[in-house]
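K.L.:
Please see the structure below; I have some questions.
Computed from the coordinates by the stated procedures, all read-outs in this text should not be read as laboratory data. All values derive from a computational prediction rather than experimental measurement. Neighbour counts run over all protein chains shown; Cβ positions are idealised from the backbone, glycine included.
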Amino acid sequence: MSPTRIPAITRKQVAAYLKPRPQDSHKGLFGTVSVIGGDTGMVGAALLAGRAALKLGAGCVHVGLLADNAPALDNLMPELMLDSAGATLKKLPHPALSRGERVLPPSPSGRGIEGEGNVLVLGCGLGHSLAAQKLVYDALLLDVPTVLDADALNIIAMRPDLRAMLHTRKAPAVCTPHPGEAARLLGRKTEDIQADRAAAALALAKKLNGSVVLKGAGSICATRDGKLHLNRTGNPGMSSAGMGDVLAGMIAAFIAQGLSADEALLLAVHLHGAAGDALAQQQATIGMSGTEVTEWARWLLNQWIAK
């Protein structure tokens, strides 16, 4: 399908998903995001995702880091709760809970990391080690909505058994590949993906049993019902490290706050690009960072809700 025939995501469309918060709000109403990633030399990727999740409205954010020398505190955002990747994963609901078995003490709020409203971001700076592969396997056993990004997708491309697990999960998955990752997942060349991005997005959604955003100039979203959506926000200044980590955190934040996986995907993709466009209007195209996009995305989100 030609991109010109794919309906474009609009601000009006995604703003309709947003609702003002009630006066008696508390953090337990807005879910918990857990980010698993950050191997040695890539801790920043997981922190960027965690910061974006918190800035875009998640009630609590845990970041589980794989690196042996991982920090215990994010000095720029001490609100993030840092731990090892394995420890963070163990705090999430175990499948035994669905059978009525108690594996963790109940959360006092009824939500949070041991209750409902959990969302997992998997892959930001995770690497490809055996330890990383074990984390992906363990994570896919959990019945929580999951945003699969970066190295989680590369590991799944390497492991047919993990791809099969995606088809047995009940919880939704949102996958965020760039063209290179999409090529590895589909066993094709990157040039083939770019030659027919719409077909590639649909093939990925079917193969991974989830929603997909095929990132790039004119990102294409394929929702769980097989529909395609074209995003027209964004600009070349967003071609820098960390942008994908921020997007993954944003998607998770919106799912944690009660949006469906498809709604969260469309809102985050459109808002992410709109934040980049707002920065470009400030003559900040060259040297644009994911941190700056997070700040502008938060500002725009509050403006959209207010209107």
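K.L.:
Looking only at segment 140-166, filter to residues that are under 17 Å from G127 (Cα atoms), of a type outside the set (A, V, I, L, M, F, W, C) and not in a helix (DSSP H, G or I); which one of those is nearest to the chain's Cα centre (by Cα)?
P.N.:
Going through the qualifying residues, I end up with D149.
K.L.:
Sticking with this one: Please name all residue pairs, on different chains or six or more residues apart, with Cβ atoms under 8 Å, provided the first residue is in segment 69-86 and is buried (at least 17 other Cβ atoms within 10 Å of the Cβ) and the second residue is of a type in the set (D, E, K, R).
P.N.:
Qualifying pairs under 8 Å: D74/R51; L80/R51; L80/D74; L82/D74.
K.L.:
In segment 261-279, how many residues are among the small types (G, A, S), surrounded by fewer than 21 Cβ atoms within 10 Å (Cβ to Cβ) and under 13 Å from the mean Cα position of the chain (by Cα)?
P.N.:
Residues that pass the stated criteria total 0.
K.L.:
Let me ask something additional. Taking the residues in segment 1-45 that are touching a Cys at 6+ places or on another chain (Cβ under 9 Å) and part of a loop (DSSP other than H, G, I, E, B) as candidates, determine which candidate is farthest from L120 (Cα to Cα).
P.N.:
Per the stated criteria, the residue is I9.
K.L.:
Also, quick follow-up: Kindly indicate whether any position in segment 191-201 is under 24 Å from Y17 (Cα atoms), in contact with a helix residue (DSSP H, G or I) (Cβ under 7 Å, 6 or more places away or on another chain) and not aliphatic (A, V, I, L, M). So that I can check it myself, show each step before the final result.
P.N.:
Of all residues in segment 191-201, those under 24 Å from Y17 (Cα atoms) come to 201.
Filter again for in contact with a helix residue (DSSP H, G or I) (Cβ under 7 Å, 6 or more places away or on another chain), leaving none.
No - not one qualifying residue is present in segment 191-201.
K.L.:
Just checking, does segment 167-181 include any residue being among the charged types (D, E, K, R), surrounded by fewer than 17 Cβ atoms within 10 Å (Cβ to Cβ) and either within 18 Å of the chain's Cα centre (by Cα) or within 27 Å of G28 (Cβ to Cβ) (or both)? Explain how you work it out, then say what you get.
P.N.:
Of segment 167-181, the ones among the charged types (D, E, K, R) are 169-170, 181.
Now restrict to residues that are surrounded by fewer than 17 Cβ atoms within 10 Å (Cβ to Cβ): 170.
Filter once more, so that each one left must be either within 18 Å of the chain's Cα centre (by Cα) or within 27 Å of G28 (Cβ to Cβ) (or both): 170.
Yes: segment 167-181 contains one or more residues that are among the charged types (D, E, K, R), surrounded by fewer than 17 Cβ atoms within 10 Å (Cβ to Cβ) and either within 18 Å of the chain's Cα centre (by Cα) or within 27 Å of G28 (Cβ to Cβ) (or both).
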